Amino acid sequence: MAQMKDSMVPFLTSEEIQILVRKLAKQIEMDYRNKEVVFICPLRGSVHFAADLMRNVNLRQQIDFVYVRASNRGGTISITKDISINIADKDVLILEEIIDTGRTLNFLKNRLLSANPASLKIVTLLDKPARRELPLRADYIGKTIDDRYVVGYGMDIDETGRNYPDIYNLKN
């Protein structure tokens, strides 16, 4: 693990991440005052972000998990684990740790819209618009970043680094 960190440079500290999470939580609380929200957490990377955001959002809330996979770059997208909550007529927020190309997120968004929620919005900690392949935009953005590969706080390289409390990017 230390060897992998040796090939990276710090990008966001855990304290900076929590500041972004609290800012997003306040925006959500203002927009959904006196309402219940349903958080949808795409597995696996968004778990850290979802847990922290939920603890900071002082609203009635539910959470469900979905696992969406792309077979390979540009390939077929499918749902391996679908949500189990009925989201019809509910205010739904998809929680993403990072939006990159937007392909799987767009697939998930369309799938959830077919369940007729009252509203559907996207919350992301990090937004990387330089890599976007589809005209998809988050409704709540913690931080917009340039085209860099980030690891930590749920983001990984071949399943390594998700557990890092800070976010790093690879050295060039």
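Every read-out reported here was derived from the displayed coordinates using simple, explicitly stated rules and does not represent laboratory data. Everything quoted here is computed from the prediction, not taken from an experiment. Virtual Cβ from ideal backbone geometry, glycine too; neighbours counted across all protein chains shown.
Given a Förster distance of 45 angstrom, what is the FRET efficiency for Leu113 paired with Ser7, based on the Cβ-Cβ distance and rounded to 0.05?
For Leu113 and Ser7, the calculated efficiency is 0.65.
Please report Met4, Met155, Met30, Met54 as a ranked list, fewest other C-beta atoms within 10 angstrom at the top and most at the bottom.
Met30, Met4, Met54, Met155
Kindly put Arg103, Arg148 in sequence by how many other C-beta atoms sit within 10 Å of each C-beta, fewest to most. Please report the intermediate quantities before stating the final value.
Values: Arg103 18, Arg148 15.
Taking fewest neighbouring Cβ atoms as first place, the list is Arg148, Arg103.
Taking Lys35 as the anchor, which lysines have their alpha carbon closer than 19 Å to its alpha carbon, excluding any fewer than eight residues away along the same chain?
The qualifying lysines are Lys23, Lys26, Lys90, Lys121.
Straight distance only, please: which lysines reach the Cα of Lys5 with their own Cα at less than 21 Å, same-chain residues fewer than 8 apart left out?
Lys171
Output the 0 to 90 degree angle, nearest 10, between the alpha-carbon long axis of helix 103-113 and the longest principal axis computed from the alpha carbons of the chain.
Helix 103-113 sits roughly 10 degrees off the main axis of the chain.
Can you give the relative contact order of the chain as a percent, counting alpha carbon pairs under 8 Å and 6+ residues apart?
Relative contact order comes out at 25 percent.
Summing Lys, Arg as +1 and Asp, Glu as -1, what charge do residues with Cβ under 12 Å from the Cβ of Leu134 carry, Leu134 excluded?
+3
Let me have the relative contact order for the range 118-172, percent, based on Cα pairs under 8 Å that are six or more residues apart.
27 percent
With each pseudo-label sitting 7 Å past Cα toward Cβ, what's the Tyr67-Arg33 distance in nm, one decimal?
Each label point is offset 7 Å from its Cα along the Cβ direction, giving 4.1 nm.
Rounded to whole Hz and in sequence order, give me ³J(HN,Hα) for the range 21-27 from the Karplus expression 6.51 cos²θ - 1.76 cosθ + 1.60, θ = phi - 60°, writing x for Gly and Pro.
Working through the residues one at a time gives 4, 5, 5, 5, 4, 5, 4 Hz.
Put a dot 7 Å past each Cα toward the Cβ at Tyr149 and Ser14; how far apart are the dots in nm?
Going by the 7 Å Cα→Cβ label model, 2.5 nm.
Could you tell me the center-to-center distance, by alpha carbons, between the range 90-125 and the range 138-161 in angstrom?
17 Å
Starting from the Cα of Asp156, step 7 Å along the direction of its Cβ; do the same at Arg22; then give the gap between the two resulting points in nm.
Rounded to a tenth, the inter-label distance reads 3.0 nm.
Divide, for the chain, the radius of gyration over alpha carbons by 2.2 N^0.38 Å, where N is the residue count.
Rg over 2.2 N^0.38 Å, computed on Cα atoms: 1.01.
Would you calculate a helix-derived [θ] at 222 nm for the chain, using -39,500 (n - 2.57) for each DSSP H run of n ≥ 4 and dividing by the full residue count, to the nearest 500? Write out the running numbers ahead of the final one.
Numbers: 4 runs with 44 residues, N = 172.
When only DSSP H runs of four or more count, the value is -7500 deg cm²/dmol.
Per residue of the range 115-124, in order, report the coupling 6.51 cos²θ - 1.76 cosθ + 1.60 (Karplus, θ = phi - 60°) as ³J(HN,Hα) in whole Hz, putting x for Gly and Pro.
8, 6, x, 5, 8, 9, 10, 10, 10, 9
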